[in-house]
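Report on one structure; see the data block that follows.
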Amino acid sequence: MALKEFINVGDARITVEKEVKPKLTIAELTTIEQPGRPVPASQLENEGEKRKGVGRGGARKEGARKEPSRISSPKREYTLILTEKPQAAQKIAFALGNPQKRIEGRVSYFELEKGGKKILVASAVGHLFNLSYVKGQRGYPMFKLEWNPSYETKAMSYTKAYYDLLKKLGRKSNEFIIATDYDIEGEVIGWNIVRFIFGQKSAKRMKYSTLTKPELEKSYDNLMAEPDWGMAYAGETRHILDWLYGINLSRALMSAIKTSGSFKILSIGRVQGPALKIIVDRELEIENFKPEPFWQVLAYSNGIEFKHPKDIFDKKLLEKFKSIKEAIAETKKTEEHIQPPVPFDLTTLQREAYRWHGISPSGTLQAAQKLYLDGLISYPRTSSQQIPDSVEPKKILKLLEKNFPQAKLATRAKPIEGKKSDPAHPSIFPTGEFKVLTENELKLYNLIVKRFISVFAPDAVTANKRIVLTTEVLDEEGKPVIFNANGLNVLEKGWTQIYPHKFEEFELPDLNGKVKIDEIKFEDKETQPPKRFTPASLITILEKKGLGTKTTRSIIIDILFNRGYLEGNSIKATALGIQLIRTLEKHSSIIIDENLTRKMEDEMDAIQFSKEKNLLDKEKEVISKAEKIITDISKEFKIKEMVIGKELLEGLQTHRRVEQENNTIIKCPTCKEGMLRIIYSGKTKRSFIGCSAYPNCKQTYTLPPNSLIKKSEKTCVECGFPMLMSIRKGKRPWEFCFNSNCPTVKKRIEEWQKKKDAVGEKAAGEKAS
Ligand SMILES: [Zn+2]
Ligand SMILES: [Zn+2]
């Protein structure tokens, strides 16, 4: 990035202030799962023939769109293996044989022979079909949905090349194997392609948790005869429910806000509502919190500080402590064995990655997905905390030894395991393969490896010491007043040599018999309000409450941030978020009812794990229940539309006021009339600082690109300008002075220039040699 670019001011033209956030599309408002976009075949804007909807629920509309067999059918001689992402296709092709890579329409696929069979391995690129509403429906509620090819939406037009290739390869094949990620999303992706592109009722299924040669070979040799129908139907049900909720509630909210004459896209989803309510409730708890004073009583003897175990809330009770002059000391020693932490499931990984490296839960999911596709770790979307023998952990530990000598410490025969399990996958573990990685991926990879090694490492052992002082003074229950001091020494580091862990070591001498108390001290304290959630603690509570799935939770949190309902790393609900929940609570509380959301999750789980055959009936039942609830909500909304609109508008206005305050910095030093403000330019797609007296005052300052700019608490020591903070994804926030006339800024440019020259010289030198 050119540092100079944002420091030098130049004659920047001011663009009209625009809303920072781009308008959301209906698809964005309703999509929870974001299918990844590896290597978009972007230039392929070929609109192609527009397809009709393909219906939903497979069986119901089976055959609704038969391919006209204009082209004479080629010989069907291949077995077609379908993966979710291009990288997985490559891994599978190379695991099964010596493939030939072919490219068509910029999309690659592989051809190989194995056991006399001709095999094609080709991939989707996430979802190739999306739900959309059947055209012609007006207002809300609307319930008619259909699966349509994703390429029909402009943002997903790059999927067309994949769609076309799969259709072509499908015509040459007589056996179909779904090898997408083994989870509900993967099953929906595979099933949709099998029924809508290949025109098949079913397919075989490859199930695997790592993209390694041995496991992929094993998986191919042990094909499942059918897709996992439970996952397929549960997945489709989830898509439909989220869609119906998303579109109808968003329409209801927008219709209400329009009655107030304002316009802003507001939305709320099936899980988003209850999730937002949790944060708003916490915010109100903090707001209404009245701190209570209390005292902590400390005693000093032999140079050691002792604490009275109870906090004292009644000041009068402090009196009796003042007379304490001596006590009987007793030292108790114990040895404590501390087991290694359990293997990583996704939530625990997200929590730990945030705790040790500050990586957000969605950032962790992304990086983990990448590591999985590289074959370095097992499938990350798992709730399991177990390491089954079939994983052959000892072999993996051996492989890890080369780069992680700590692996030699893994002496435990059986790993320590957690309670949670997952029918589809084991916990997250490294495969033993290596590759050069980027910063965040490497941090995450190291954390996963260390966790894996440590579950096979010995306990840590500490020597704990506790000295109890018993006095002759009695408390209000008639028991002697006591004081404690605790010491800790680490005897054996065990697994803590491998995985990060903080011990607070504290040396204490032995103390026994009668001792003199040198001083009694009262420390003034106040009860503290409950803490705000962090991204990591928020996914933990959503999991505990059974809201969302392991995969969607971090995405839901991101959505709530993007909609302007939440802010900060210590998560705060914005005025808009609070008002939205307050309004819904008053007028349509069912939208934010977490019990209802959880019940639906349970019903979808029931479909997923059902052993019965009538899954489609179950799907219909869940959906028709949801339709009834949405109908009720819509009725309620329509009656109270004006009131709801008025209340939401209040929230919006506060939100806008706060946003403007947050973006206003200081009085303009040039014209001394206007205020300097952070402005986002939609034209250049970056923020800059401009004067509110524009066009009379044309003062501007440039700002770093690709980052969120916020006010900081600090003032520049050199020039006295308030400092700003630049926040970039995956980077530490950086505080800087934006005043282009400030000495610190000039120095920064010089240093940058020097660095640039040095790099230039080095490059020149390398070329010369
Ligand atoms: Zn000005
Ligand atoms: Zn300065």
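The values are calculated or read from the model by the stated rules, or taken from the named source; none is laboratory data. Note that this is a predicted model, so its numbers are computed, not measured. Glycine gets a Cβ as well: all are built from the backbone with ideal geometry, and neighbour counts include every protein chain shown. The protein model used for the area step is the full one, side chains on, heavy atoms only, and it has no ligands, DNA or RNA in it. Shrake-Rupley method; radii C 1.70, N 1.55, O 1.52, S 1.80 Å.
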query = Of the residues that sit in region 221-268 and are part of a helix (DSSP H, G or I) and of a type in the set (Asp, Glu), which one is farthest from Val188 (Cα to Cα)?
reply = Asp221
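Filter region 311-340 down to residues that are polar (S, T, N, Q) and open to solvent by 80 Å² or more (accessible area, probe 1.4 Å) and give me whichever is farthest from Ala299 (Cα to Cα). Give the steps one after another, and end with the answer.
Taking region 311-340 as the starting set, the residues that turn out to be polar (S, T, N, Q) are 323, 331, 334, 339.
Retained after the next criterion (residues that are open to solvent by 80 Å² or more (accessible area, probe 1.4 Å)): 334, 339.
Working: Thr334: 23, Gln339: 34 Å.
Step by step, filter region 311-340, then rank; the result is Gln339.
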key: Whichever residue in region 715-734 is away from ligand 2 (no atom under 11 Å from the Cβ) and at pLDDT 80 or above and, among such residues, is most open to solvent (accessible area, probe 1.4 Å)   = Trp734
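Do we find a residue being under 18 Å from Arg195 (Cα atoms) and at pLDDT 95 or above anywhere in region 98-115?
No - not one qualifying residue is present in region 98-115.
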note = By residue number, the members of region 493-538 that are over 30 Å from Pro343 (Cα atoms) and in contact with a helix residue (DSSP H, G or I) (Cβ under 7 Å, 6 or more places away or on another chain) are Ile520, Phe522, Pro529
key: Residues satisfying the stated conditions in region 349-375, i.e. of a type in the set (Lys, Arg) and either touching a Phe, Trp or Tyr at 6+ places or on another chain (Cβ under 7 Å) or within 22 Å of His501 (Cβ to Cβ) (or both)   = Arg351, Arg355
key: Of the criteria (1) modelled with pLDDT of 95 or more; (2) under 28 Å from the mean Cα position of the chain (by Cα), which one Glu217 fails   = (2)
task = Only residues that are free of Cβ contacts under 8 Å to residues at least 24 places away in the same chain and either closer than 19 Å to Leu444 by Cβ or of a type in the set (Lys, Arg) (or both): list them for region 378-401, please.
result = Lys394
inquiry  = Here are the criteria: (1) among the small types (Gly, Ala, Ser); (2) within 14 Å of the chain's Cα centre (by Cα); (3) assigned to a helix (DSSP H, G or I). Tell me which single one Gly548 does not satisfy.
reply    = (3)
message = Only one of Ile304, Ile265, Ile278, Ile257 is touching a residue at least 24 places away in the same chain (Cβ under 8 Å) and open to solvent by less than 10 Å² (accessible area, probe 1.4 Å). Can you tell me which?
response = Ile257
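Looking at region 510-529, can you tell me whether even one residue there is free of Cβ contacts under 8 Å to residues at least 24 places away in the same chain, part of a strand (DSSP E or B) and open to solvent by 20 Å² or more (accessible area, probe 1.4 Å)? First the steps, then the outcome.
First, the residues of region 510-529 that are free of Cβ contacts under 8 Å to residues at least 24 places away in the same chain: none.
The answer is no, given that none of the residues of region 510-529 is free of Cβ contacts under 8 Å to residues at least 24 places away in the same chain, part of a strand (DSSP E or B) and open to solvent by 20 Å² or more (accessible area, probe 1.4 Å).
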note = Lys572 meets each of (1) within 15 Å of the chain's Cα centre (by Cα); (2) modelled with pLDDT under 95 with one exception, condition (1)
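How do the strands (runs of 3 or more DSSP E) wholly within region 656-725 filter down when requiring 1 or more residues that are within 16 Å of ligand 1 (Cβ to nearest atom): which remain?
Details: elements: 664-667, 675-681, 686-691, 700-702, 708-715.
Correct list: 664-667, 675-681, 686-691, 700-702.
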message = Cβ contacts < 6 Å: first residue in contact (Cβ under 8 Å) with a residue 12 or more places away in the chain, restricted to region 676-699; second residue small (Gly, Ala, Ser) and within 13 Å of ligand 1 (Cβ to nearest atom), any location; separation 6+ or different chain. Result?
response = Arg677/Ser692; Ile679/Gly690; Cys691/Gly674; Ser692/Gly674; Ala693/Gly674; Cys697/Gly674
query = Is one or more of the residues making up region 690-705 within 31 Å of the chain's Cα centre (by Cα) and more than 16 Å from ligand 2 (Cβ to nearest atom)?
reply = yes
remark   = Checked region 551-574 for anything closer than 17 Å to Ser383 by Cβ and either in a strand (DSSP E or B) or among the aliphatic types (A, V, I, L, M) (or both); matches are Ile555, Ile556
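For region 735-748, enumerate the residues that are open to solvent by 80 Å² or more (accessible area, probe 1.4 Å) and within 16 Å of ligand 1 (Cβ to nearest atom).
If the condition is that a residue be open to solvent by 80 Å² or more (accessible area, probe 1.4 Å) and within 16 Å of ligand 1 (Cβ to nearest atom), then Asn741 is the only one that fits.
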